[in-house]
Each structure stands twice: as C-alpha cells, then as structure tokens.
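The values are calculated or read from the model by the stated rules, or taken from the named source; none is laboratory data. These numbers were taken from a predicted model, which means no experiment stands behind them. For neighbour counting, all protein chains shown are included, and Cβ atoms are generated from backbone atoms with ideal geometry for every residue, glycine included. In case anyone asks, the SASA skips ligands and DNA or RNA and just uses the protein heavy atoms, side chains included. Shrake-Rupley method; radii C 1.70, N 1.55, O 1.52, S 1.80 Å.
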Amino acid sequence: MNVTNFPNIHYNADGLLPVIVQDHTTGQVLMLAYMNQEALERSLQTGQTWFWSRSRSELWHKGETSGNIQEITSIAYDCDSDALLVKVKPAGPACHTGETSCFYRFFPQYPDQPSQEFSLETLYEIICDRRDHPSEQSYTSRLLAEGEDEVIKKVGEEAAEVILAAARQGNRRLIEETADLTYHALVLLAARRLSPADILEELAKRHKPVK
C-alpha cells in the first residue's frame, strides 16, 4: 500500500507526522513518535509500527531489538490531517525505560488520578502492570512467576468451583466464584499477551444478527 493514496495527509516542513500510539485494549497512551512517508508506508504494509528517529535520522521498527513490537489495530488522522492516532496491541513495554508507557511521570500539582470506574479492562491493565513490574507482595506477580502451567491449573480449579457454586451454593457464591474464574482467565490471557479485546473480536465473528 502506498500512502500517496491518501492525499489529505499533510507532513510538516521536515516531512514528518506526529504519531500518538495508544493501547487498543486499555486506552492508555503509550508514546509519541514521528513517521515520515516511508515509515507510514511500512506500517501500513506490515501491520506493525515503524517510525522516523529524529535523533538518529533513520527509520526504526518498534520492537526490532527489544521484541516489544506493536501490532496495529487502527490508524486515524486528525481534522487537519497532520497528526495520527495509532491503536496497537503491544507485545511489551512501549518505553525504553521498561515502563508500560512513556508517560509515567507527573507534575506534582496534577498527579495521576485513578478512575472511579472499574471494568474488566481496568482489571486487565492492573494484571499487565503486575506482569511487567513484578512485586513480591502481589499475588498476580507470584502466580505469573510460577509459570503458565500453574495459571492453567488455577483456571481449571476455579471453573470447577463455579460449577459447584451453581449447583448448590446459591447466587452469592456463584458471583464470587465467577469473579475468581474471570480474574484467573485474564491472568492466563496476560501471560499469553492476549487481551479481552481478542475475546470480543472472536465473539463478534460468531454473532449472527436476528433477521
């Protein structure tokens, strides 16, 4: 695919476009980088992010050396056609420091405020953070450190607990055990670097609207 098919894209005087990269599952902004025409072409052709390094004056493929590639799920351009928003499935931290996002430092007067809403996406983001920044105090970190087989074992145990709760322990226990199963299933997805969005995508493929 050639970006000359997109005449509305406007590069700056240096032939570059600012690009905001966002996690398509969590919505977290991961990084700000720049693309020239060739970087955009390669991104469109490969389905992974390519950028132009202003410091090295060369193209670079995100994750080529670290393994932290970014699979593109969508690319949007703004109302002035001079900036891009790229949503991705990241294979690892976006920042060279090892942080999930390059935006991890805050002005003291405006610190990060956790959302008051809780969702599966929020829980998945927390699990991924425990995976990428292990802590001895975190059950999630310890479980992931024990290996995928242990995670799979826990999923099986929790599935059995859901069945028992549904059969004879009442709705309260069913809710509690389903919550445990959901959490451990998300841990397994995070271990495989899959996400809830992958599950929704599969369900969408199976959906057949009623005529």
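If only one of TYR110, TYR124 is among the aromatic types (Phe, Trp, Tyr) and open to solvent by 100 Å² or more (accessible area, probe 1.4 Å), which one is it? Talk me through it step by step, then tell me what you get.
On the way: TYR124 fails: open to solvent by 100 Å² or more (accessible area, probe 1.4 Å).
Of TYR110, TYR124, the one residue that is among the aromatic types (Phe, Trp, Tyr) and open to solvent by 100 Å² or more (accessible area, probe 1.4 Å) is TYR110.
Looking only at the stretch 81-102, how many residues end up being in a loop (DSSP other than H, G, I, E, B), surrounded by 14 or more Cβ atoms within 10 Å (Cβ to Cβ) and over 15 Å from the mean Cα position of the chain (by Cα)?
Count: 3.
Report, by residue number, each residue of the stretch 52-80 that is surrounded by fewer than 16 Cβ atoms within 10 Å (Cβ to Cβ), in a loop (DSSP other than H, G, I, E, B) and touching a strand residue (DSSP E or B) at 6+ places or on another chain (Cβ under 9 Å).
Result: ARG54, ASP78.
Of the conditions (1) outside any loop (DSSP other than H, G, I, E, B); (2) aliphatic (A, V, I, L, M); (3) under 17 Å from the mean Cα position of the chain (by Cα), LEU174 fails just one. Which one is it?
Condition (3) is where LEU174 drops out.
Just checking, which of ALA160, ALA197 is open to solvent by less than 60 Å² (accessible area, probe 1.4 Å), touching a residue at least 60 places away in the same chain (Cβ under 8 Å) and part of a helix (DSSP H, G or I)? Step through it out loud before you land on a result.
Numbers: ALA160 fails: touching a residue at least 60 places away in the same chain (Cβ under 8 Å).
ALA197 is the lone residue from the list that is open to solvent by less than 60 Å² (accessible area, probe 1.4 Å), touching a residue at least 60 places away in the same chain (Cβ under 8 Å) and part of a helix (DSSP H, G or I).
Could you run through the stretch 25-51 and say how many residues are within 11 Å of VAL86 (Cβ to Cβ), open to solvent by 30 Å² or more (accessible area, probe 1.4 Å) and not in a strand (DSSP E or B)?
Qualifying residue count for the region: 1.
Filter the stretch 140-155 for residues that are assigned to a helix (DSSP H, G or I), open to solvent by less than 90 Å² (accessible area, probe 1.4 Å) and not hydroxyl-bearing (Ser, Thr, Tyr) and give the result. Please lay out each step first, then the result.
Our first condition is that a residue be assigned to a helix (DSSP H, G or I); within the stretch 140-155, this holds for 140-145, 148-155.
Checking the rest, the ones that are also open to solvent by less than 90 Å² (accessible area, probe 1.4 Å) come to 140-141, 143-145, 148, 150-152, 154-155.
Residues satisfying the conditions are LEU143, LEU144, ALA145, GLU148, GLU150, VAL151, ILE152, LYS154, VAL155.
Go through (1) open to solvent by less than 50 Å² (accessible area, probe 1.4 Å); (2) acidic (Asp, Glu); (3) closer than 12 Å to VAL187 by Cβ and name the single condition ASP132 misses.
Of everything listed in (1) open to solvent by less than 50 Å² (accessible area, probe 1.4 Å); (2) acidic (Asp, Glu); (3) closer than 12 Å to VAL187 by Cβ, ASP132 misses just condition (3).
Just checking, how many residues over the stretch 167-191 are touching a Ser or Thr at 6+ places or on another chain (Cβ under 7 Å) and β-branched (Val, Ile, Thr)?
Filtering the stretch 167-191 for residues touching a Ser or Thr at 6+ places or on another chain (Cβ under 7 Å) gives 187, 189.
Filter again for β-branched (Val, Ile, Thr), leaving 187.
Qualifying residue count, the stretch 167-191: 1.
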